[in-house]
Structure formats: structure tokens, C-alpha cells
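Here is the structure we will look at, set down as C-alpha cells.
The values are calculated or read from the model by the stated rules, or taken from the named source; none is laboratory data. Quick caveat: nothing in here was measured; it's all calculated off a predicted structure. All Cβ positions, even for glycine, are placed from backbone atoms using ideal geometry, and neighbour counts span all protein chains on display. Heads up: the accessible areas ignore ligands, DNA and RNA and are worked out on the full protein's heavy atoms, side chains in. Shrake-Rupley method; radii C 1.70, N 1.55, O 1.52, S 1.80 Å.
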Amino acid sequence: MANIERRGNTYRFRVSCGLDANGKQIVKKMTYVPQHKEGTKAYDKEIADALRDFEKRCKEGNVFDGDHLTYQTVVEHWKTEWAEKNLSDGGADYLKIIKYYAYPAFGSMKISKITPIHVQTFINNLEKKGLKPATIKRVIAAINSVFRYAYRLRIIQENPISRCETPKIKRDTTLHYFTKGQAMIFLNKALTMEYEDKVKAHDRTDDTGKAYHVNEYSEVHKIPMQFRVLYTLAIYGGFRRGELAALTWRDIDFKKRTISINKAAALRKGGYIIKDTKTVAGIRTVTLPVSCFDLLRKWKIEEMNLRFSLGTAWEGADDFEDTHIFIQSTGKMIDLNTIGHKFRDIIERYNAAVPDEAEKLPIIKLHDLRHTSATLLIGSGCDIETVSKRLGHSKASVTLDIYAHPLPENDIAAATLLDKMMVLEA
């Protein structure tokens, strides 16, 4: 039954919707502001129609909590109930974006009152401020995550972003990767060279507190074995960063020369977690050459020696087979960011040590080693189904969409083949 109460220039509608599981009466409320002039027939009809419509929506279950919840309140619920469980960083990145951009615009507004025009104006203002399309896209993705969550929970009737126009962004489909020659240089030179570091002259204090001077000197370093192993597996196996970090010795079968990919490391609020692979197809067993397992054996011995040397300071697993292959100095799983930073550092150190420009390597990203693996396999004639399974793609069509580009050397070979097949007369 509907009830109406006059409150100054507004009306409060109340509709009883039965009892909840605890026997408590469910009451839906709504504040209505008439648009017509008071004392007219249109005014009375407007209020009667609004009350009738509200009562109808209550009975149909179409009255949403968004009428009473602000966007900011919903964000807090989204963060704890969805983002922290489903986003790789626990929603920290999105939340930072939302607080900086969305809160000033409509954070205090009732979420059901945020219309497409509000959001479109918000997007247009981002463009006027000179934000790059890619940044705007990131902002939209963040605020949309909250709107989608609210829509799924029936807090709002419609997602306002669904009616907005967003900046068109040209996707860079250019793949970056090492050619076969560059991959060989990286594996056989960049990862194995000795690098000289100069240490500037400085002052020190001995155990007795006596100060002394140290002249400039040089130290020679090699890339640690675990990084040589890590990037070798990245190229030969085409593994993702999280998959490599999550590997334990139990995933390695030295007899069959296979590596089992069945989990992945991901960043969450407060640290790292081990989760399922990106897709079901991501669970796979990949065979690698003998040379990869020779390196793995050497590193396993080094890691075992490290464990014994650390004693009680060891932070890896009690059962060594459950210890991560790639670790920090205490035995804990390697930091995900370290993998990418170290990769770039190795390329830059190698390029600085090589005078011949032709021998220098392009500065590519860590994930580009996965592209390198796939590109070289396809270029060598490996069938697309096999490549797709090694990469953990759900369908071979996904692999084709990404790696449809031709290798330069294959393009030259194709031209040579045509020349042999069909000879033009002068």
C-alpha cells in the first residue's frame, strides 16, 4: 500500500513491500519534487501519476538502492566485494584513478541519478584537459567497472556509459620481438658476457671505527644463473611473466624434458598470490630442448646450495621441490617487477658494452620474448595448432590474429620462390 507525505515543496512516497526473512517490514521510500505549478490540475495529476508509477515499480521489483547510494559509497562496496577478489592488483590502480578523476565530478551524486549526459560531459572534459586517448580509455575502464558492478547487482537500471561516445584509439598492432639472429645474440652473448663495473673512490670505516680510503676499482660480474635460465625459458617456452614466477621444481620433469604450466603469480593488495592460469587452455605441458634442462640442473644445484647456506634464514618452502625456481635472495618467490626490470637492464648493459651497432639489440619488453617464441616457431614452419597449445591460447584463431605478420626473411624467401617458379622474359 502506498503512502504520501508532504514535506515543504517535496513529497515523500512510502510503499510497503511485505516482510523480509526476519519478519521485518520492507519499506521503499522516494522523495519527489513536482515540476508543475501548485494548485493546478496538472500539479495534482503529476503527483498522483508519480506515486502510482513508484508503487508499480516497487511491486515489480524495479526500485533500486541506487536512489539512496552515492557513487562513492558504491565504489567502497565494489572495492571490498569485487575488485580485491578479481583484479590483479586488488583494484588499487582503478581506485586511484576513480578517486582522482571521478570523485570530483560525481562522487557525491546518487549513483542512479548519474545520467549519460553527466558521464559524457565528464569524458569531454578529460579531452579538453589534454589527456591522451589511452589515458582517457583507462579512466573510463575504471569508472565503468563500478557502473557495471552496480548494474549487475541491480543498484542501477542502466549503465550510463553504455550510451556515451568514447575517444577512438588506434591500436598499435605492431609486434616487437627478437629476430632469430637477435635471439641468438641475447642468449649466447648478452646473458653470458662478463660486465665490468667501476666503483668510485670512497671512504669506509673498519670494525674498530677507524676510517680509511678506498681508491677507484673495477668489479667483473656475470648475469646470475637464475636470470639466464628465466629468459631462456621465456624464449623457448613462450611463457608469461606470471607463469614463470609461479614455477616450482615440482613442475619440472627432467626425464621427459617437460615443464608443467598450471598456475600463475599475480599482484594483489598486500602482496602476491598464486592463482589459476589466464584461461583453462593455459594449463599445459611444454617440451623444451635438452640445453634448457642443462641450465635448469645447474641452477637447481646453486639454489640448493643457497638454501643450505642460509639455514634458518631460508624463506622458501620446507620441501625443496615446492620451492619457486626463480627467487629472491632469501628463497621467496621472485618479485614480478624484477623480472622485467632486469631484462631491460641486461639489454642496456650489453648494448653499452658492444661498439658495433649491428650487434646491438633492440630495447623490447619482457612480454616480447613470448612474441619472439611464437614468431620464430611460425617462421620455421611449425603448425599453428602446436604453437597455439604451447602458448596456452584457447583457440588457434587467437594465435593467428596476433601473429599473422610475416617475418622479413620469410618474405624475402617467398619472393625468391616465386622467382624460381615463374621467370619473366626480358
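Number of residues in segment 104-122 that are farther than 17 Å from ARG148 by Cα and under 27 Å from the mean Cα position of the chain (by Cα): the value is 3. Checking each residue in segment 124-139 for being assigned to a helix (DSSP H, G or I) and open to solvent by 40 Å² or more (accessible area, probe 1.4 Å) picks out ASN124, ASN125, GLU127, LYS128, PRO133, ALA134, THR135, LYS137, ARG138. Yes or no: segment 299-316 includes at least one residue that is without any contact (Cβ under 8 Å) to a residue 60 or more places away in the chain and of a type in the set (Lys, Arg). Yes, some residue in segment 299-316 is without any contact (Cβ under 8 Å) to a residue 60 or more places away in the chain and of a type in the set (Lys, Arg). Taken across segment 370-387, residues that are more than 28 Å from the chain's Cα centre (by Cα), in contact (Cβ under 8 Å) with a residue 24 or more places away in the chain and open to solvent by less than 30 Å² (accessible area, probe 1.4 Å) do occur, with at least one present. Restricting attention to segment 322-351 and to residues that are touching a strand residue (DSSP E or B) at 6+ places or on another chain (Cβ under 9 Å) and either free of Cβ contacts under 8 Å to residues at least 24 places away in the same chain or open to solvent by 20 Å² or more (accessible area, probe 1.4 Å) (or both), the residue that is farthest from LEU191 (Cα to Cα) turns out to be ASP322.
The set of residues in segment 162-210 being outside any loop (DSSP other than H, G, I, E, B) and open to solvent by 60 Å² or more (accessible area, probe 1.4 Å) consists of SER162, ARG163, LYS180, MET184, ASN188, LYS189, GLU194, GLU196, LYS198, ASP203, ARG204, THR205. Going by the structure shown, is PHE178 within 30 Å of HIS221 (Cα to Cα) and of a type in the set (Phe, Trp, Tyr)? Yes. For segment 1-46, a tally of residues being over 20 Å from LYS113 (Cβ atoms), open to solvent by less than 70 Å² (accessible area, probe 1.4 Å) and not in a loop (DSSP other than H, G, I, E, B) returns 8.
Could you tell me whether HIS213 is within 25 Å of PHE293 (Cα to Cα), open to solvent by 50 Å² or more (accessible area, probe 1.4 Å) and assigned to a strand (DSSP E or B)? It is false that HIS213 is within 25 Å of PHE293 (Cα to Cα), open to solvent by 50 Å² or more (accessible area, probe 1.4 Å) and assigned to a strand (DSSP E or B). Taken together, PHE239, PHE227 contain a single residue that is open to solvent by less than 90 Å² (accessible area, probe 1.4 Å), in a helix (DSSP H, G or I), in contact with a helix residue (DSSP H, G or I) (Cβ under 7 Å, 6 or more places away or on another chain) and under 26 Å from LEU306 (Cβ atoms), which is PHE227. All conditions in (1) open to solvent by less than 30 Å² (accessible area, probe 1.4 Å); (2) out of contact with any strand residue (DSSP E or B) (no Cβ under 9 Å at 6 or more places or on another chain); (3) modelled with pLDDT under 90 hold for ALA142, with the sole exception of (3).
For segment 81-123, a residue qualifies if it is part of a helix (DSSP H, G or I), open to solvent by less than 60 Å² (accessible area, probe 1.4 Å) and within 14 Å of CYS164 (Cα to Cα), and the qualifying residues are PRO116, VAL119, GLN120, PHE122, ILE123.
What's the total number of residues in segment 295-329 that are touching a helix residue (DSSP H, G or I) at 6+ places or on another chain (Cβ under 9 Å), more than 24 Å from ARG257 (Cβ to Cβ) and part of a helix (DSSP H, G or I)? Number of matching residues: 1. Only one of the numbered conditions (1) farther than 30 Å from ASP197 by Cβ; (2) of a type in the set (Val, Ile, Thr); (3) in contact (Cβ under 8 Å) with a residue 60 or more places away in the chain is violated by THR232, and that is (1).
Annotation note: Cβ proximity below 9 Å between a residue of segment 191-219 that is farther than 22 Å from ILE346 by Cα and a residue that is surrounded by 10 or more Cβ atoms within 10 Å (Cβ to Cβ) and among the hydroxyl-bearing types (Ser, Thr, Tyr) (sequence gap 6+ or interchain) occurs for ALA201/TYR217. THR287 satisfies every condition listed in (1) closer than 20 Å to ARG390 by Cβ; (2) crowded, with 18+ Cβ neighbours inside 10 Å; (3) without any contact (Cβ under 8 Å) to a residue 60 or more places away in the chain except (2). Just to verify a result, which residue in segment 243-274, among those that are without any contact (Cβ under 8 Å) to a residue 24 or more places away in the chain and touching a helix residue (DSSP H, G or I) at 6+ places or on another chain (Cβ under 8 Å), is farthest from LYS332 (Cα to Cα)? Selected residue: ASN262.
Contact map, segment 397-426: first residue modelled with pLDDT under 70 and part of a helix (DSSP H, G or I), second residue open to solvent by 70 Å² or more (accessible area, probe 1.4 Å) and not aromatic (Phe, Trp, Tyr), Cβ cut-off under 7 Å, separation 6 or more or different chains; the map is empty.
All conditions but one from (1) in contact with a helix residue (DSSP H, G or I) (Cβ under 6 Å, 6 or more places away or on another chain); (2) within 23 Å of ILE235 (Cα to Cα) apply to ASP335; the one that does not is (1).
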